[in-house]
Amino acid sequence: MASSSVKTIGLFDSGLGGLTVLRELQHALPEQRFAYLGDNARFPYGTKSPETIVRYSRECAEFLMQRDVGVIVVACNTASAAALAVLESELPVPVIGTVEPAARAALAATRSGKVGVLGTNATVASAVYENALKKLNPSVKVVSQACPLFVPLVEAGMFDGEIVDKVIELYLAPLKAEGVDTVILGCTHYPLLLSPIKRYLGDAVQVVECSKAMLEDVIKALAQANGRPSSDVPSTSYFVTDAVGQFNQLAALFLGHGGVHASKVELAISSPSGKPHLRAASS
Ligand code: DGL
């Protein structure tokens with residue numbers, strides 16, 4: 001029987017990208033129980049307005065709160081950029097986003113003080129990375145680049161090859177010209193393009209993945225939530241809002257392992273200005 005101190009880590013993303021974060025967490029915490037929600041019916045978030053992304057994020061968080069989660073991981077940069085502060089202020093559990101951990105990791109890595117940020121249109125437009133980096137180090141130079149073609153490439157299973165190289169060059173040439181020595185992959189889909197991105201940037205440039213940068217914060221938050229790994233039910237539950245078969249198939253590529261059997265769920269939809277009722281999960 002699950003003890004009340006066994007807490008599930010809940011993660012959400014607009015679809016598949018957050019699985020790169022889940023992969024790291026499953027690896028670091030093999031006995032931990034996870035609940036993953038991919039809101040693929042409303043994918044992508046990266047082209048939506050901040051108001052819409054906040055509303056979707058609240059609905060995802062509300063769904064996870066009903067599953068005895070002790071920590072919520074916003075495994076989507078776009079949702080972290082738009083909704084982290086709102087979720088932190090409304091939820092009764094710790095909420096970990098992608099931005100601050102990745103900004104800290106980038107500042108620890110850079111020698112030149114020039115950091116590149118790649119993200120969706122919404123993430124780059126929010127300037128959330130620039131603000132986080134400059135808050136920690138006002139003298140850092142930040143070069144941000146929206147990469148709207150990266151997500152469709154990844155979703156199409158194109159992780160390498162001539163077309164991918166051309167798109168990478170299109171987006172990363174300005175960062176190279178600016179002489180950045182550290183680049184943040186500010187979107188949870190982008191780690192699938194890690195090899196060609198690294199090849200283009202060369203060994204002298206450090207690449208920061210949010211999933212790795214977030215680990216420590218998630219583990220700390222779990223301890224704060226008085227959670228402990230559970231050896232009785234060390235499983236992951238997968239939930240999606242659409243296209244189960246397609247998700248299960250592509251999830252194997254993101255996770256590096258198969259065996260994903262997602263359940264299709266309906267989220268409690270709030271009015272555009274309202275918020276769903278967020279309550280502490282029962283234990
Ligand atoms: N996974 C999202 C992110 O990290 C990108 C996909 C989307 O646009 O929804 O920003």
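The values are calculated or read from the model by the stated rules, or taken from the named source; none is laboratory data. Remember, it's a predicted structure, so these values are computed and weren't measured experimentally. Every residue, glycine as well, gets a Cβ built from its backbone with ideal geometry; the counts of neighbours run over all protein chains shown.
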Could you pull out every one of the helices (runs of 4 or more DSSP H) wholly within region 60-145 that has 2 or more residues that are closer than 16 Å to Asp13 by Cα?
77-90, 121-126
With respect to Leu153, is the statement that it is within 13 Å of the ligand (Cβ to nearest atom), touching a helix residue (DSSP H, G or I) at 6+ places or on another chain (Cβ under 8 Å) and under 17 Å from Ala213 (Cβ atoms) true?
no
Please tell me if Val117 is in contact with a helix residue (DSSP H, G or I) (Cβ under 7 Å, 6 or more places away or on another chain), at pLDDT 95 or above and within 16 Å of the ligand (Cβ to nearest atom).
yes
Of the conditions (1) within 21 Å of Ala122 (Cα to Cα); (2) in contact (Cβ under 8 Å) with a residue 12 or more places away in the chain; (3) away from the ligand (no atom under 14 Å from the Cβ), Tyr56 clears all except one; give me its number.
(3)
The one condition in (1) more than 21 Å from the chain's Cα centre (by Cα); (2) within 16 Å of the ligand (Cβ to nearest atom) that Lys141 fails to fulfil:
(2)
Every residue from region 159-215 that is out of contact with any helix residue (DSSP H, G or I) (no Cβ under 7 Å at 6 or more places or on another chain) and either modelled with pLDDT under 95 or within 16 Å of the ligand (Cβ to nearest atom) (or both)
Tyr171, Leu194
